[in-house]
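One structure below.
The values are calculated or read from the model by the stated rules, or taken from the named source; none is laboratory data. Treat the numbers as computed from the prediction; the structure is a model and nothing was measured. We place every Cβ from the backbone using ideal geometry, glycine too, and count neighbours over all the protein chains shown.
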Amino acid sequence: TKLNFSSALEEERHVRANDRDYNERFSYADNRIKTAKYNVFTFLPINLFEQFQRFANAYFLVLLILQLIPEISSLSWFTTIVPLVLVLAITAVKDATDDYFRHKSDQQVNTRQSQVLIKGKLQNEKWMNVRVGDIIKLENNQFVAADLLLLSSSEPYGLCYIETAELDGETNLKVRQALTVTSDLGDDVAKLADFSGEVICEPPNNKLDKFTGTLCWKDNKYSLDNEKMLLRGCVLRNTEWCFGLVIFAGLQTKLMQNCGRTKFKRTSIDKLMNTLVLWIFGFLICMGIILAIGNTIWEQKVGSDFWEYLQWKELTINAVFSGFLTFWSYIIILNTVVPISLYVSVEVLRLGHSYFINWDRRMYYSRKATPAEARTTTLNEELGQVEFIFSDKTGTLTQNIMVFNKCSINGKTYGDVYDEFGHKVDITEKTPCVDFSFNPLMDRKFRFHDSSLVEAIKLEEPLVQEFFRLLALCHTIMPEERNEGELVYQAQSPDEGALVTAARNFGFVFRSRTPETITLYEMGQAVTYQLLAILDFNNVRKRMSVIVRNPKGQLKLYSKGADTILFDRLDPSNEELMFTTSEHLNEFAGEGLRTLALAYKDLDEDVFDEWMKKLLFASTALDNREEKLGALYEEIEQGMLLLGATAIEDKLQEGVPETIACLTLANIKIWVLTGDKLETAMNIGYSCNMLRDDMNTVFIISGHTMLEVQQELSKDKFSSGLDMEKTELYSSDSVFEETIIAEYALIINGHSLAHALEADLEQILVDVACLCKTVICCRVTPLQKALVVELIKRHKRAVTLAIGDGANDVSMIKTAHIGVGISGQEGMQAVLASDYSFAQFRYLQRLLLVHGRWSYHRMCNFLCYFFYKNFAFTLVHFWYGFLCGFSAQTVYDQWFITLFNIVYTSLPVLAMGLFDQDVNEQYSLRFPNLYRPGQLNQLFNKRKFFTCTLQGVCTSFILFFIPYGAFMTAVRDDGAHISDQQTFAVTIATSLVIVVSVQIGLDTNYWTAVNHFFIWGSLAVYFAILFAMHSDGIFTIFPNQFPFIGTARNSLNQKIVWLVILLTTVVCIMPMVAVRFIKADLYPTQTDKVRLLQQATRKQGPQEQNLRRVRRTSSRRSAYAFAHQQGYGELITSGKNMKVPTSSTSTYPLYSPTRGLTGTSSASICKCFRHQKH
Amino acid sequence: MKNEGKSAQRPDNTAFTQQRLPAWQPILSAGIVIPGFLIIGLAFIGIGIGLFLTSQTIQVQEMDYTGVEKDSPCFRCTIPSNLNCTCEVTFSLSTLFTGPVFFYYGLSNYYQNFRRYGVSKDYNQLTGDTRYFKSRSPEEDCSPYSYDSNNNPIVPCGAIANSIFNDTFELYQIINGTKKQVPLDGRGISWWTDYNIKYRNPSPVNGSLAKAFDGTVKPINWPRPAYELDLTDPNNNGFLNQDFLVWMRRAALPQFRKLYRRITDGDYAAGLPAGNYSLTVHYNYPVLSFDGRKKVVFSNVSWMGGKNNFLGLAYLVVGSLCVVMSVVMLVVYAKFKFSDDDDA
């Protein structure tokens, strides 16, 4: 039964620790990972099988088989097999290289070392040898080797810290805790080796945040959840060691289960190309049928009479059968109309374009040494067609760095710099910074420009001191001091970090904390405060407070929070200060800063004792504990005295407003999708210049029910006259679209979005949103981000791009046509899921407007030319069919057919596709509206396809009928006849090669040395090969394969042949030139204009370009910013995350300096807290 | 310093990687296109006039001798039972037909370019490789002209060789009622490469070419085996017979002419003088079954080859169109330019 069990789908997993024999019965996956697809032996069959699944390759295989049937074989087998083998080989080499790198990375991961407990001893083993049920030891900063059940750790209570950046992109530390029974095992190897618990748990799955199972050990059952699991891909932090039991290994780990095959993204051009190839295929069959019918008729009318000289067995049967055979013969010779090398050429081009992105130094971020990376090589041209950008905020638009920028203390603002005339000076990189050298514990990265604040500190102004004391005390940060004076703060929200760091630099250094105390260094003096209570932050309270007793024994409550909340709880005497501060807050908010108000209160000993008792009581209450606690907090946070306000800058990434302005000019709509709150999101909207005061209306939609949302949406739609403009917009010419109409912005909240995304409302949402210049969605979940992208994809048929940096952006990155990840951050999830990655948002401008535009332009020109070329080449056979009795006689030499696509004409068009620049990069960026044709899909669409194939058809017609006319009666200048089949073939082939070379010359806008080399080289190679194949030597070796001996010599020495070639070339090319010229004259596109301008300026010499400056003016009221989660308060006061054990194990040195702290004095309060928490 | 690690990641600053390769960026500007069209147009008109005038100077005498019409001299030869039929076609020249004069035979509605017909030969055999006299490579190409009914191998095999044009002609000038034969030169009428490289006779066995063909039979339609194609000139036999070589070079189009003889010798080196001529046709080649036509053509050549009005006219037309286009474009350009100035 066990065997059956293992082979069936796993329903439940049984793992017994230290019992390999038992676990092996289930044949769980071992810890070896394999992402590579092939090995040496399977490569050829598997790869060939995969390649022949592609339509084009399969088609050519069928052709090859057809060619082997002598009755219909109109072409030698080599005409197909040579290109086919070449194409297959190139693809196979590419696949093999990819797979080699996968093998290498697999190998690297599989051979990582880990310590495994085997036979009672810790042994070093490679990762791939770790089995389910093994106990392994991890050390600090090591990667977790498999999905483990945490057994014990070096930290008290079996806690251990992990960083899950690789899993979910979150960089803050997470806590995992072992079961008490197992944590007692400690690091005693003997005990661990004896551990024989059995885990029964869920089968492998990809849910990163869920785990259910039970541990059975010594007749007891313990339930297991995700809090006890260490998942592969995490890194152990701040924990010296820990032991874990392997539950899932290798490919069954949650990490690997999550690396499911990502959906293969294809560009719209790809899809169009497939359609077109099918059409061409249909066209081919039509031609085959026409010619087959022609053959049937010819056989009846003419061929059967020609019996004298053509006695064929088939003919004796009937003409219809002959037509049938002719159909297949023509399918074979006209096969080149379906471009065999199209797909492989397109891949080569895309690969090249990707390398250009990787190589671009202007997308290289030197500070983090991160180059841009094209992780997908199949989407490049779509970068030139983007219409919608969905951007994350934190880490993408902003740096996620909070900087303490300004403050208002007791009615006086600090932070601005004034020159000697009292004018405000713009702060730049060069503005001198305040010197904090008086403070040995300062953070060197901190910058502040206003020296008056330091002077105030040095003058020991009590309120200023109190202000920073508050900042240093009222928070939930954990300090870490690795070396003396090297403080690192572990903050839950970057805002808090910024505030405490500011306090630190201004001389109020938060140095260490225990559950009961906080130690500050106030201007170099260690001062320890007793921490009596943390009144923690939550979303309703929007404030947090601490109650401390200072060394003088005074009780103080310090509070910080949203101004609106805090102002309601101030002492009435504060009113005047409140108004001044309020003004300052407005001022700060207008600059896009995030603000907090600070207040304090002296507490009465009696009042506090009373309150404390109530608190203890409430905290043990069984029901409504939260509310009761909230009410109590509310009670004590009254009548506070205002200290001032802080202003934190949520630092934008460099160049974000400029980039957004530029992309907007390129008619790309940028939507911000953020998990942040409405106020924060709007703040950033203003600071990015996406929201402006001169906008007509900013709609805010934050209804909680379907009905509300609907009303809000429709109200906006109708009352504001959007509807009218909509009709205007539709009726107006596209030319006038650029003129700015009234500007609107839409801001929609997450809960409203949930309703708006429902089927009834989504159409309205799309309509309204698309008429707004700016759309900001805030408080959205990762899933909603994806839904919004999906919505636009569905309704607008536009190319979407999603850009983000965190795990919460992964869904949207995967959903959008193009996903861009911001790299260089710690989390890798977004980058791993993305198609392109770079370090800075501003590179997006270059990626789209330069690389994207070029890629699109190149790809479109490439495709147009490619189809043109193949039609011109192939259809000559069609025309010839009417003159050779529809006998599937080829016009050209078979070798020419073999080599035309892969040798004579492949490289010039590839060079064009790789290097062409219609407009150089400066102009591409200076004229963002050059991006428009890509969005409108103007450069390659079905119409374009028809035009270029029509051009091909015409060219083939001219190519055939001019030599036909000329050769009817032609003889050589020595009187010998010349109108033989071989001379005819050489003349047409030479004309064709020259015509398509001239055409690629016309299509090439940017003749680099490579283009010259390839174009002239191709012509030279053509003639070289022509003469070589028509030479005496090769004929004497293979008389049957090279029957064209001497034709090149005998025909190309004739003036008449060259006159025919010249005439053909001119007739094929001149109309094209004329049409292009007149078109550019009468209806010049933006590109034409810019090219002319570019040429004009090039003649005049380079000029200095004025960079576009974006000025930001705003008078927005900003608000409070905090983390969205409940704070760390509980963890701090419970002491769980402290390394200071209360009990016996004194092996660990006291973590924080306890100078100035009398251990006993806090004991009673400690006890209080214990009670409170239980 | 960390710089080393950083610079390793940093992309190279080369013109290639940064897409700054120096380049020539031509634009189809009015300054190039309009004069270009004009120059090409004028040049083409020039060439066209040259071609056309040259073509006019070329004399051509063309005569259909198929014998479809009842009153035509060769009508009687069209009756299939009439073997070894000879007919006589007369013509007169009013002026000197400047030499050298070339004598062509022409066929129309004749599909030498039919694929099956085209492949029906064996190049290995025709290079004189006697291994391929008995076998074929590939075997099926020559069929059904590969073996005769007794399963003897046919050499040269295939439809092309079998269908060789076998009418022969003699040309007489009629001077005062007497016929004076015009010498016809059949040497060197095929391509040099065909005669010297592509086609080779098998090495004579004991000095006899015929022995090399031992064990093979002649193509069905041939009156004599390959080694006896020209009884007058022993060197003009086998695969190196000039008429055979000319025939084997397949025509591209269903209407073609092939060189039969040159008139270069004796009294006629300067051309055919004005007067009456008589062409004796040994009528062997049936074409009526497929509605074909046979003709003889006398022509002289110029630097551009034979008479070819098409090319001259085509050049004239294309040249004129180019000139017209250049004018049209000039008008368009001027108009556009003015309107553009208005905008500015």
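Looking at segment A:917-982, what helices (runs of 4 or more DSSP H) fall wholly within it and have at least 3 residues that are in contact with a helix residue (DSSP H, G or I) (Cβ under 6 Å, 6 or more places away or on another chain)?
Fully inside segment A:917-982 and qualifying: A:921-926, A:942-967.
Can you tell me which of (1) surrounded by 22 or more Cβ atoms within 10 Å (Cβ to Cβ); (2) at pLDDT below 90 is the one residue A:271 doesn't meet?
(1)
Take residue A:1067 and decide whether it is within 7 Å of chain B (Cβ to nearest Cβ) and either of a type outside the set (S, T, N, Q) or within 20 Å of residue A:958 (Cβ to Cβ) (or both).
yes
Answer yes or no: is there a residue in segment B:255-265 that is crowded, with 18+ Cβ neighbours inside 10 Å, away from chain A (no Cβ under 14 Å) and of a type in the set (A, V, I, L, M).
Checking segment B:255-265: not a single residue is crowded, with 18+ Cβ neighbours inside 10 Å, away from chain A (no Cβ under 14 Å) and of a type in the set (A, V, I, L, M).
Against the definition (modelled with pLDDT of 90 or more and either farther than 30 Å from residue A:1075 by Cα or surrounded by fewer than 18 Cβ atoms within 10 Å (Cβ to Cβ) (or both)), how does residue B:90 come out, yes or no? Outline the logic, then answer.
Working: modelled with pLDDT of 90 or more: yes; either farther than 30 Å from residue A:1075 by Cα or surrounded by fewer than 18 Cβ atoms within 10 Å (Cβ to Cβ) (or both): yes.
Yes; evaluated as a whole, the condition is true for this residue.
Go through the residues of segment B:237-253 one by one and say whether even a single one is more than 9 Å from chain A (Cβ to nearest Cβ) and either more than 21 Å from the chain's Cα centre (by Cα) or at pLDDT below 90 (or both).
Scanning segment B:237-253, I find at least one residue that is more than 9 Å from chain A (Cβ to nearest Cβ) and either more than 21 Å from the chain's Cα centre (by Cα) or at pLDDT below 90 (or both), so the answer is yes.
Scan segment A:958-971 and tell me whether some residue there is away from every other protein chain (no Cβ under 14 Å) and without any contact (Cβ under 8 Å) to a residue 24 or more places away in the chain.
Taking every residue of segment A:958-971 in turn, none turns out to be away from every other protein chain (no Cβ under 14 Å) and without any contact (Cβ under 8 Å) to a residue 24 or more places away in the chain.
Against the condition within 14 Å of another protein chain (Cβ to nearest Cβ) and not hydrophobic (A, V, I, L, M, F, W, C), how does residue A:371 come out, does it pass?
Here the answer is yes, as residue A:371 does meet what is asked.
Out of A:830, A:872, which single residue is crowded, with 24+ Cβ neighbours inside 10 Å, within 26 Å of residue A:909 (Cβ to Cβ) and either within 14 Å of another protein chain (Cβ to nearest Cβ) or out of contact with any Phe, Trp or Tyr (no Cβ under 7 Å at 6 or more places or on another chain) (or both)?
One residue alone meets the criteria, A:872.
Pick out, from segment A:469-542, the strands (runs of 3 or more DSSP E) lying fully within it that include 1 or more residues that are of a type in the set (Val, Ile, Thr) and either buried (at least 20 other Cβ atoms within 10 Å of the Cβ) or on the phi > 0 side of the Ramachandran plot (or both).
Hits in segment A:469-542: A:508-513, A:517-522, A:525-535.
Anything in segment A:876-890 that is in a loop (DSSP other than H, G, I, E, B) and either at the interface with chain B (Cβ under 9 Å from one of its Cβ atoms) or within 15 Å of residue A:325 (Cα to Cα) (or both)? List them, or say none.
Result: A:883, A:884, A:885, A:886, A:887, A:888, A:889, A:890.
Based on this model, can you work out whether residue A:1001 counts as of a type outside the set (A, V, I, L, M, F, W, C) and more than 58 Å from the chain's Cα centre (by Cα)?
So residue A:1001 does not fit the description; no.
Looking only at segment A:899-912, decide whether some residue is within 12 Å of chain B (Cβ to nearest Cβ), within 42 Å of the chain's Cα centre (by Cα) and part of a helix (DSSP H, G or I).
As a first pass, look at segment A:899-912 and keep what is within 12 Å of chain B (Cβ to nearest Cβ): A:911-912.
Those left that are additionally within 42 Å of the chain's Cα centre (by Cα): A:911-912.
With the extra rule that they be part of a helix (DSSP H, G or I), the set shrinks to A:911-912.
Checked against the condition, which is being within 12 Å of chain B (Cβ to nearest Cβ), within 42 Å of the chain's Cα centre (by Cα) and part of a helix (DSSP H, G or I), segment A:899-912 yields at least one hit.
Looking at segment A:346-361 only, could you name the residues that are closer than 17 Å to residue A:823 by Cβ, within 8 Å of chain B (Cβ to nearest Cβ) and in contact (Cβ under 8 Å) with a residue 24 or more places away in the chain?
Listed by number, the list holds a single entry, A:360.
Would you point out which residue out of A:990, A:983, A:1004 is more than 10 Å from every other protein chain (Cβ to nearest Cβ) and crowded, with 24+ Cβ neighbours inside 10 Å?
Values: A:983 fails: more than 10 Å from every other protein chain (Cβ to nearest Cβ); A:1004 fails: more than 10 Å from every other protein chain (Cβ to nearest Cβ).
That would be A:990, the only listed residue that is more than 10 Å from every other protein chain (Cβ to nearest Cβ) and crowded, with 24+ Cβ neighbours inside 10 Å.
If you go through segment B:65-82 one residue at a time, do you hit one that is on the phi > 0 side of the Ramachandran plot and loosely packed, with under 14 Cβ neighbours inside 10 Å?
Within segment B:65-82, not a single residue is on the phi > 0 side of the Ramachandran plot and loosely packed, with under 14 Cβ neighbours inside 10 Å.
Please name all residue pairs, on different chains or six or more residues apart, with Cβ atoms under 8 Å, provided the first residue is in segment B:98-124 and is facing chain A (nearest Cβ under 7 Å) and crowded, with 22+ Cβ neighbours inside 10 Å and the second residue is polar (S, T, N, Q) and part of a helix (DSSP H, G or I).
B:113/A:981
Do any strands (runs of 3 or more DSSP E) entirely within segment A:697-792 hold 1 or more residues that are surrounded by 21 or more Cβ atoms within 10 Å (Cβ to Cβ), hydrophobic (A, V, I, L, M, F, W, C) and modelled with pLDDT under 80, and if so, which?
Per the criteria, no element qualifies.
Name the residues in segment B:132-149 that are in contact (Cβ under 8 Å) with a residue 60 or more places away in the chain, part of a loop (DSSP other than H, G, I, E, B) and either more than 11 Å from every other protein chain (Cβ to nearest Cβ) or farther than 23 Å from residue A:74 by Cβ (or both), would you?
Result: B:148, single match.
Which residue pairs have Cβ atoms under 8 Å apart, sit 6 or more places apart or on different chains, and have a first residue in segment A:611-638 that is within 21 Å of residue A:559 (Cα to Cα) and a second that is in a loop (DSSP other than H, G, I, E, B) and of a type in the set (A, V, I, L, M)?
A:628/A:621; A:630/A:540
If we keep just the residues of segment A:227-262 that are modelled with pLDDT of 85 or more and small (Gly, Ala, Ser), which is farthest from residue A:155 (Cα to Cα)?
A:249
From the residues in segment B:300-316 that are hydrophobic (A, V, I, L, M, F, W, C) and in contact (Cβ under 8 Å) with a residue 24 or more places away in the chain, which one is surrounded by the most Cβ atoms within 10 Å (Cβ to Cβ)?
B:311
Just give me the residues in segment B:183-242 being in contact with an Asp or Glu (Cβ under 6 Å, 6 or more places away or on another chain) and either among the aromatic types (Phe, Trp, Tyr) or farther than 21 Å from residue B:262 by Cα (or both), in sequence order.
Residues satisfying the conditions are B:197, B:217.
In this structure, does residue A:1021 turn out to be more than 10 Å from chain B (Cβ to nearest Cβ) and in a helix (DSSP H, G or I)?
The answer is yes for residue A:1021.
Of everything in segment A:397-448 that's acidic (Asp, Glu), under 30 Å from residue A:661 (Cβ atoms) and more than 37 Å from the chain's Cα centre (by Cα), which residue is surrounded by the most Cβ atoms within 10 Å (Cβ to Cβ)? If you could, list the steps in order and put the result at the bottom.
Of all residues in segment A:397-448, those acidic (Asp, Glu) come to A:416, A:419-420, A:426, A:429, A:435, A:443.
With the extra rule that they be under 30 Å from residue A:661 (Cβ atoms), the set shrinks to A:416, A:419, A:426, A:429.
Keeping just the survivors that are more than 37 Å from the chain's Cα centre (by Cα) gives A:416, A:419.
On the way: A:416: 15, A:419: 8.
Going through the qualifying residues, I end up with A:416.
Which residue is surrounded by the fewest Cβ atoms within 10 Å (Cβ to Cβ), if the candidates are limited to segment B:288-299 and must be at the interface with another protein chain (Cβ under 8 Å from one of its Cβ atoms) and within 23 Å of the chain's Cα centre (by Cα)?
It comes out as B:291.
Report whether or not residue A:910 is surrounded by fewer than 22 Cβ atoms within 10 Å (Cβ to Cβ), aliphatic (A, V, I, L, M) and farther than 20 Å from residue A:341 by Cα.
Spelling it out, it is not the case that residue A:910 is surrounded by fewer than 22 Cβ atoms within 10 Å (Cβ to Cβ), aliphatic (A, V, I, L, M) and farther than 20 Å from residue A:341 by Cα.
Against the condition more than 10 Å from every other protein chain (Cβ to nearest Cβ), at negative phi and surrounded by 19 or more Cβ atoms within 10 Å (Cβ to Cβ), how does residue B:268 come out, does it pass?
On the way: more than 10 Å from every other protein chain (Cβ to nearest Cβ): yes; at negative phi: yes; surrounded by 19 or more Cβ atoms within 10 Å (Cβ to Cβ): yes.
Yes, satisfied.
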